[in-house]
Amino acid sequence: MRQLFEPWTRMSDPTHASAHSGDTPLLQTIGLTKLYGTFLANDSVDIEVRPQEIHALLGENGAGKSTLVKTIYGLIQPSEGEMRWQGQRMVLSGPSEARARGIGMVFQHFSLFDNLTVAENVALGLDGKESFKDMSARLEQVSRTYGLPLDPRREVWQLSVGERQRIEIVRALMQNPKFLILDEPTAVLTPQEADQLFIVLERLKAEGRAILYISHKLEEVKRLCDTATILRGGKKVATCNPKAETAASLARMMVGTEIKQVKAAATRQITVPRLVVNDLCLEPDDPHGVRLQNISLELRGGEILGIAGVAGNGQDELFSALSGERRSNDPGTVVIEGIAAGHLTITQRRKLGAAFVPEERLGHGTAPRMKLSENALLTGHAASGMVKYGFIDTPATLATVDRATEAFDVRKAKRDPEAASLSGGNLQKFVVGREILRKPAVLVVSQPTWGVDAGAAAVIRQSLLDLATSGAAVLVTSQDLDELAEITDRIAVMFHGRLSEALPTAEASREKLGLLMGGSGLDHTEAAHAARA
Ligand SMILES: Nc1ncnc2c1ncn2[C@@H]1O[C@H](COP(=O)(O)OP(=O)(O)OP(=O)(O)O)[C@@H](O)[C@H]1O
């Protein structure tokens, strides 16, 4: 029988070490340059990655990190310069050639088909040389071996972001890569999920593989990575040992200046209830979804309420119920600005003064192939005067793009590009900026700084604080407990479709929140039920 999975342990086997012995990097780029039109996304970048190394690639949004790794993965062709693999010149005509050499990649934006199962998605990314049955067995085996549990039979659209990422990682591991690129893998993971991932990465390193790791979380880079290469404006500005740096010194190298501290206003006036949820119960619209059970909350003007929780505990369902993507038969379950809105559409809720920023910026937050101005129109037409007498006011849509660009420092190659051409963090700044500039009375935002660099995250967090100071009610769902601690007044935890009492943030320690995230706030019957589920 074919071996299910062959770890790349041979690296430590002296009989196989010759190709990598001495000081030859596994992968090297020399003067790698990428031009988009006249825009220099990578400017003569030299980087060396060795076996058994976790190498961080750092830089602010738009610095050129994704461009560099896409070139290494064969997705784009360099304009100049060369790549070497195990000391030999490497030219890649596409990702399949990269994979054949042992280069794997886990993308920041998932490339999964929602209506296919986990196993079907994995099968699509492999070379198809084994039967579906063998592949499914190997999938279960690899996910078990690395502690990344997956049910191969579940359809992807039912899965949380954390679970989707697990598929991408397992799919990459099933190709037994020597060199694995991870683009912001912990951006939407809980601390526990991130810890689990670090164990996996340490193990891959011990097996002799090299990892190129893009992250904006500098503390985790210090903890995990052996080397860091820092890009700024497409150029390499430094290679260093991140363990010998501080998060602040790494950030300074990335940005070139000090990062501003986020500051809450000394006094914030807490006013009327602007968003009230009354005993909201909602059956899932798929058999594996999470049932929302008796959710109640009251959020007043001037307040920021955080919702913490492990992905897949009903946060998406709650977002859908609040935004109107899922409507309730009982109008009183969601009250916006004093008006029963549970039965209203998303557009009608926007007209009441609500704004929504979903977790997935590409596809949900924006239509990838539409220009930014068209995307501004999609959410802004309800309440921002972009449509006059039935006609689109194009200058008004462009003005919205310009205002978001300026206020949120959105970096892009031209005035009104397609959403998909923006780097991840810049697109997030645009999506959040677009909604905040509408001056909503209520903002419901999911994972506001997913994939956003330290400088831009500070801008976004500050803008949420300022929005609350100006009187709005802000509901933030985030898996980043540090983020919630920094900006919220109260924090509640979602677990199995229920929402805990909100704790004042000052009293919500990581330990307390961690326990609630694991379900310990439930009564005995519920906890037993949860444990069985
Ligand atoms: N297809 C494209 N056409 C034009 N410009 C592009 C294209 N892809 C990327 N760019 C530009 O190249 C620059 C570098 O983008 P890249 O995605 O590599 O940045 P990044 O460092 O990965 O950013 P982030 O941290 O936000 O993901 C950005 O300014 C981006 O707008």
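Summary of computed values
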read-out: Protection proxy ranking, peptides 311-323, 344-356, 237-249, 266-278, average beta carbon neighbours within 10 Å, highest first; value: 311-323, 344-356, 266-278, 237-249
read-out: Angle in degrees between helix 161-173 and the longest Cα principal axis of the chain, rounded to the nearest 10; value: 10 degrees
read-out: Estimated FRET transfer efficiency when R0 is 56 angstrom, pair THR38-ALA265 (beta carbons, to 0.05); value: 0.85
read-out: Simple spin-label estimate for SER520 and ASP195 in nanometres, 7 Å along Cα-Cβ; value: 1.2 nm
read-out: Using a Förster distance of 25 Å, the FRET efficiency for GLN462-ASP393 (Cβ separation, nearest 0.05); value: 0.25
read-out: Most positive-pole-ward Cα, SER470, PHE430, SER320, against dipole of the chain from beta carbon charges; value: PHE430
read-out: For segment 362-439, Kirkwood radius (reciprocal of mean inverse C-alpha pair distance, Å); value: 12.2 Å
read-out: For segment 391-431 and segment 107-142, distance of Cα centres in Å; value: 35 Å
read-out: Rounded to 10°, Cα long-axis angle of helix 424-436 versus longest principal axis of the chain; value: 10 degrees
read-out: Cα-centre dipole for segment 250-385 with unit charges at Cβ (Lys and Arg positive, Asp and Glu negative), debye to 20; value: 700 debye
read-out: For the chain, with +1 on Lys and Arg beta carbons and -1 on Asp and Glu, the positive-most of ALA454, LEU282, LEU26 along the dipole; value: LEU26
read-out: Whole-Hz couplings from phi, Karplus 6.51/-1.76/1.60, listed for segment 140-153; x for Gly and Pro; value: 5, 5, 5, 5, 6, 4, 9, x, 10, x, 9, 9, x, 8
read-out: For the chain, calculated [θ]222 nm from helices alone, where every DSSP H run of n ≥ 4 adds -39500 (n - 2.57); value: -9500 deg cm²/dmol
read-out: With Cα atoms, 0 to 90° folded angle of helix 454-469 axis to the chain main axis; value: 0 degrees
read-out: Hydrodynamic radius (Kirkwood) for the chain, which is based on Cα pairs only, to one decimal in Å; value: 24.3 Å
read-out: Amide hydrogen neighbours beyond the local backbone of ARG300, cut-off 5 Å, H modeled; value: ARG274
read-out: Assigned charges on the beta-carbon of Lys, Arg, Asp, Glu; the chain dipole about Cα centre (debye); value: 1000 debye
read-out: Efficiency of FRET between GLN293 and ASN329 - r from beta-carbon atoms, R0 22 angstrom, step 0.05; value: 0.85
read-out: Scattering curve values for segment 72-169, log₁₀ I(q)/I(0), Debye with Cα scatterers, q = 0.21 Å⁻¹; value: -1.08
read-out: Gained length - ALA407 relative to SER96, 0.36 nm times residue gap less alpha-carbon distance; value: 107.9 nm
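A short reminder: the numbers here are calculations on the coordinates, not readings from a lab. Because the structure is predicted, anything quoted here is derived from the model rather than measured. Neighbour counts run over all protein chains shown; Cβ positions are idealised from the backbone, glycine included.
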